[in-house]
Amino acid sequence: MADTTQKQKPKRGGEEDGAGTSEGGQKLAKKGEKLKEEMDALVDEIDEVLEENAEEFVKNYVQRGGE
Amino acid sequence: MAIPKVMGTEIEYGITVRNDRDFDPIASCVLLVNSYREEHAGKILWDYDQENPLADARGFQVDGEKYTPNQQENIARNKTLVNGARYYVDHAHPEYSCPEVTNVRDLVLHEKAGEVVIEISRREATALLPPGAQLLIYKNNSDRKGNSYGSHENYLMDRRTSFKQIVEHLMSFLVTRQVYCGAGKVGSENRAHPCDYQITQRADFFETEVALDTMVKRPIINTRDEPHADREKYRRLHVIVGDSNMSEYTIFLRNGATSLMLEMIEDGAIRKDLSLRDPVRSIKEVSHDATCRKEITLENGRKLTAVQIQREFLEMALAYTSGRSIDPITKEVLARWQHVVECLERDPMELSREIDWVIKKAMIESFMERKGLDWESPQVQMLDLQYHDTRPDKGLYHMLVRQGRIERVVTDEEIAAAVHEPPEDTRAYFRGQCLKRYPGEVFGVNWDSISFGIGDEPIKRVLMGEPLKGSKAHVEQLLESSPTAADLVKNLRA
């Protein structure tokens, strides 16, 4: 029979929890979430403006040699 | 003795027309350039007479035919603007040469003003095309099909500094500065080793060390010797190896660090020998390594990374400037150069707000991750191109600026002003003011002269061989007391 170990869930809004590690963990998680949101916002906006027929456009983009 | 680094950049843009597969690039360029209207607009020639593109700085004249368009073609292809810039058709590309500036901050302003001029003309020209067709312009250097077009920098130098000295000390600087100047590119070209993403647009196209040509077998150091100034005193160093940059910070540092290097060369302040064994090979090795850890081989056998070599140049620059009073802009150049080298030593991706190739890479990687794409995806290639799109609402660099993701150096208001106002401290001021004040009487223009057609009299050419003469301080009073071109010529003779 496998041992089951109960993982301790970090307390919500846990200021009282020892040495602020839980709070630090939450801050990091929040920061990670914020970064993910920002990245999502970036990708969403790129999606809106990115050339739709990328393959054809890139294929047809030909220049004469310059200096 | 180092002389003031008067400088300017000339940039060829990529051009295409959507929904018109048979578009002719030259005709489109002519349409584009002529769609930019300024009040003074007269029929002004670009004065090719004194140009000498076949003179080689190594001391000889190459045989060949200098191309000079006939008068009608000339007027159709060349515009000189009231801000002192030249806007013209170069082969099959629109090109903008900004007016001469004395400092790197003005350089950023005027290069960026060029993008505004390009975009205004693009909109105007598109309105004249058949319905559904759209003119599109890109500030980049490569079409992924083996063709490249350039962003050239020009620096005024003391002619007493030998070309040999310049080559000796500048070569390894130019090969390695790409770590903070590169515009980034997906893939490789011109028979170079395949790679997913590289630091520069142009490295793959450089095939020799030192040469005169700018279009085939491109050299890292170009020997064109056409000073457009007093030939006894000056040299114009024509640097063709750089990328077209979108980021103001990158442009600032590119010209700032390079002009500081040139001052050090003029003053004999380069104390270390950092010559490379094989610059043509190294420029690609550095470009193809986005981790910036690749070691390249020096002539003396040592192996250093491009960042380590730049660190050496930075330390030399700090030593050179310590103990002398330096202007605020040079201080800013040093601070930014230092910041960038420190970040590169830790992790190049820390510069995702400042340096073009990093900004672009971070953007592409975010997109790839979210969408599960790889480096061969057409959308990734499209991102590479669209970063350089001049349209404020579609260009991805412009989008990133709007999102507050880019470190800026100048403001939009200042850029807007530079579209109509020349720099006040070079001969560009005189040129721009003459165009503003005497429309219809200016017959021809070149960088170092301006000619007037006054009534039936023979054309009067005013020589401007000193880049710093013709500034506001020098000529404002002269201009104020010369309501007509005839008065100007008379007053100049007095």
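The values are calculated or read from the model by the stated rules, or taken from the named source; none is laboratory data. It should be emphasised that the depicted structure is a prediction, and the values quoted were computed from it without experimental measurement. Here the Cβ is made from the backbone with ideal geometry for all residues, glycine too, and neighbour counts use every protein chain on show.
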Consider B:L109 against the criteria (1) assigned by TED's automatic domain parsing to the domain that holds B:V241; (2) surrounded by fewer than 22 Cβ atoms within 10 Å (Cβ to Cβ); (3) not in a strand (DSSP E or B): it satisfies all of them except one. Which criterion is unmet? (2)
Hey, B:A335 more than 13 Å from B:F173 (Cα to Cα), modelled with pLDDT of 95 or more, small (G, A, S) and over 23 Å from the mean Cα position of the chain (by Cα) or not: no
Flag for A:A2 being modelled with pLDDT under 60, more than 30 Å from B:E153 (Cβ to Cβ), more than 9 Å from chain B (Cβ to nearest Cβ) and in a helix (DSSP H, G or I): no
Applying the selection to segment B:354-366, what residues are touching a Lys or Arg at 6+ places or on another chain (Cβ under 9 Å) and touching a residue at least 60 places away in the same chain (Cβ under 8 Å)? B:E354, B:W357, B:I359, B:K360
Kindly indicate which of B:Y438, B:Y397 is in the same structural domain as B:R254 (by TED's automatic domain parsing), buried (at least 21 other Cβ atoms within 10 Å of the Cβ) and not acidic (D, E). B:Y397
Condition met for B:Y67 (closer than 22 Å to B:I415 by Cα and either assigned to a strand (DSSP E or B) or within 14 Å of chain A (Cβ to nearest Cβ) (or both)): no
Residue check for B:V210: surrounded by fewer than 22 Cβ atoms within 10 Å (Cβ to Cβ), touching a Pro at 6+ places or on another chain (Cβ under 8 Å) and either in the same structural domain as B:E350 (by TED's automatic domain parsing) or farther than 30 Å from B:L468 by Cα (or both): yes
Just name the residue that is farthest from B:W447 (Cα to Cα) out of those in segment B:6-27 that are surrounded by 23 or more Cβ atoms within 10 Å (Cβ to Cβ) and either more than 14 Å from chain A (Cβ to nearest Cβ) or more than 17 Å from the chain's Cα centre (by Cα) (or both). B:I15
Output for segment B:441-480, where each listed residue is touching a strand residue (DSSP E or B) at 6+ places or on another chain (Cβ under 7 Å), buried (at least 19 other Cβ atoms within 10 Å of the Cβ), under 28 Å from B:P4 (Cα atoms) and among the aliphatic types (A, V, I, L, M): B:V445, B:I450, B:M464
Within segment A:19-59, restricting attention to residues that are surrounded by 13 or more Cβ atoms within 10 Å (Cβ to Cβ) and among the polar types (S, T, N, Q), which residue is farthest from the other protein chains (Cβ to nearest Cβ)? A:S22
Counting just the residues of segment B:358-383 that are aliphatic (A, V, I, L, M) and within 13 Å of B:K185 (Cα to Cα), which one comes out farthest from the other protein chains (Cβ to nearest Cβ)? B:V358
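Yes/no per residue for (1) crowded, with 23+ Cβ neighbours inside 10 Å; (2) within 14 Å of chain A (Cβ to nearest Cβ); (3) in contact (Cβ under 8 Å) with a residue 24 or more places away in the chain:
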| residue | (1), (2), (3) |
| --- | --- |
| B:I137 | yes, yes, yes |
| B:S142 | yes, yes, yes |
| B:G150 | yes, yes, yes |
| B:L156 | yes, no, yes |
| B:N190 | no, yes, yes |
| B:I199 | yes, no, yes |
| B:K217 | no, yes, no |
